[in-house]
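The values are calculated or read from the model by the stated rules, or taken from the named source; none is laboratory data. Since the structure is predicted, the reported quantities are computational estimates derived from the model, not experimental observations. A quick note on method: Cβ atoms are made from the backbone with ideal geometry, for glycine too, and the neighbour counts reach across all protein chains shown. For the accessible areas, the whole protein counts, side chains as well, though only heavy atoms, and no ligand, DNA or RNA atoms are used. Shrake-Rupley method; radii C 1.70, N 1.55, O 1.52, S 1.80 Å.
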Amino acid sequence: MLREMQVAGLFYEADKEQLKKNMQEYFGNDLPKEPGEKQAVRICMLPHAGHIYSGRVTAETLAKIMLPHKLIILCPNHTGLGRHGAIWDTGAFKTPLGDVPIAEDIAEKLLKNPCFCKDYLAHQREHSIEVILPFLQYTMGEALEIVPISLAGLKLLPEMAQAVIQCMQEHTDLGLLVSSDMNHFASEKENKRKDFLALDAIKNMDENKLLQVVMGNDISMCGVLGAYIALVAAKALGLQHCELAGYDTSASTSGDTNRVVGYAGLYFS
């Protein structure tokens with residue numbers, strides 16, 4: 001089943017050639033020509049706003065790392081449609097740069113666990129995977145395969161984490177990507193304060209502290225559920241460090257410091 005584009009022309013350029021030019025501008029000279037110049041990474045987090053706002057952070061992060069070509073992508077559910085733990089299990093996600101195929105073998109394996117379900121509705125109008133895909137396509141090319149998973153609540157998060165861990169242990173060519181923006185719509189000073197409360201918990205590799213900080217300080221980090229799973233998975237896979245590769249707010253583009261959104265790119269090693 002083909003998942004059609006929903007936000008091309010809104011969140012990012014719909015024209016293929018212009019989108020390629022935009023990618024070249026975001027990466028500039030930061031994209032190493034040789035894979036050996038990058039750090040091999042299995043788990044990372046990237047933002048998902050309009051490219052003019054968060055594209056620089058996404059490019060800064062991806063320029064430093066080399067991800068597996070097969071990725072589980074955990075995204076939030078902004079629309080309220082569909083179910084928690086929803087997997088798009090077949091076909092491809094379409095972008096102006098081409099179709100990104102689903103890693104159907106991994107999707108099938110995850111769906112054997114009852115904490116996940118096959119559900120296309122959760123993904124049909126959700127933007128938080130689609131906007132990241134052009135950056136992944138630009139850096140990985142046609143080898144990229146994904147397993148999109150939408151998260152919509154706290155239920156079964158530890159069980160989901162264990163299922164992801166088992167899959168990553170069995171498939172060493174499999175990576176995990178979390179799609180998340182940081183806090184939304186505070187003043188720039190307050191937004192940064194909240195963002196770094198959450199980022200400090202992530203950098204300290206403490207998934208429970210992350211949930212406590214986000215809920216206790218009313219931090220609207222939309223991908224916190226995916227970040228929780230990523231932290232549990234990172235520690236299970238023996239990763240001990242979190243590197244903040246890029247950070248910015250929407251004020252850098254809009255000039256509005258009264259109501260900003262934060263964007264962070266990070267990876268585990």
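Odds and ends about this structure:
- For the stretch 68-90, a residue qualifies if it is in a loop (DSSP other than H, G, I, E, B) and open to solvent by 10 Å² or more (accessible area, probe 1.4 Å), and the qualifying residues are P68, H69, N77, H78, T79, G80, L81, G82, R83, H84, D89, T90.
- A107 meets each of the listed conditions (1) touching a residue at least 60 places away in the same chain (Cβ under 8 Å); (2) open to solvent by less than 70 Å² (accessible area, probe 1.4 Å); (3) of a type in the set (A, V, I, L, M, F, W, C); (4) in a helix (DSSP H, G or I) apart from (1).
So that you can scan it fast, the table gives a plain yes or no per residue for (1) in contact with a His (Cβ under 8 Å, 6 or more places away or on another chain); (2) among the hydrophobic types (A, V, I, L, M, F, W, C):
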| position | (1), (2) |
| --- | --- |
| E104 | no, no |
| L133 | no, yes |
| M140 | yes, yes |
| P158 | no, no |
| I165 | no, yes |
| N204 | no, no |
| V213 | no, yes |
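- Filtering E17, E13 for residues that are out of contact with any strand residue (DSSP E or B) (no Cβ under 8 Å at 6 or more places or on another chain) and without any contact (Cβ under 8 Å) to a residue 60 or more places away in the chain leaves a single hit, E17.
- Residue match in the stretch 155-173 (condition: over 18 Å from the mean Cα position of the chain (by Cα), crowded, with 16+ Cβ neighbours inside 10 Å, small (G, A, S) and not in a loop (DSSP other than H, G, I, E, B)): yes
- Residue count, the stretch 198-216 (criterion: closer than 15 Å to G265 by Cα and either open to solvent by less than 20 Å² (accessible area, probe 1.4 Å) or among the hydrophobic types (A, V, I, L, M, F, W, C) (or both)): 4
- Any hit, the stretch 237-252, residues being part of a helix (DSSP H, G or I), over 19 Å from R56 (Cβ atoms), open to solvent by 10 Å² or more (accessible area, probe 1.4 Å) and at pLDDT 95 or above: no
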